[in-house]
Amino acid sequence: MRLQVRTVGVHARLLQLLLMAENIVLFICVENAGRSLMAEAMFNARAPEGWRAESAGTRPAPHPNARTAPMLREVGLEAPRHAPRFLTVEMMEAAAFRITMGCLDDESCPAKLRTLPLTDWGYPDPARLDDEGFRRVRDQIMDRVKGFVAEIYADEKRRAGHPKIPGT
């Protein structure tokens, strides 16, 4: 069965968020032990003012994958300090953007998530890959996060000046 995924354009969604005090990007995967934790760390390292990322899993692992923190350190980032967290309805509803990292193919994906606007990046689970495969997934996520952050900055720049992108 092929899943239908509703997406919302970044620019349209950003206009809806102008009145919100803080905008949250929620990265979601099954275990919240690898992909979503890396995306959270990557986004927060260069987050625009008023934005932050959180991450959660549909079936959280007891601990982050043992390779997640070392793989992030290789690119100069620290892993989030929280343990893998369970995805809640409140988290989903509070998020300005919901980005799944592949959980839409998992039976643990909550029905509520499937009804909300989201984007599925659909990366393979690096826990099942060797170190080079893990690095490839990490680097793909990093490129995607950088592009997403750049879209947010570009939209804010069009509306209100010229914010500087951290790390550039």
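Enumerate the amide H contacts of TYR123 below 5 Å, restricted to partners 5 or more residues apart or on another chain; note that Pro and chain-start residues carry no placed amide H.
GLY102
For ASN23, list long-range residues whose amide hydrogen, built 1.01 Å from N in the peptide plane, is under 5 Å from its own amide hydrogen.
When sequence neighbours closer than 5 places are left aside, the close amide H contacts are TRP51, ARG52.
Suppose the chain between ARG52 and HIS82 were pulled fully straight at 0.36 nm per residue; how much longer would it get relative to their current alpha carbon spacing?
Extra length available between ARG52 and HIS82 comes to 9.3 nm.
Quick note: the coordinates plus some simple rules give every number you see, no bench work behind them. Keep in mind it's a predicted model, so treat the numbers as computed, not measured.
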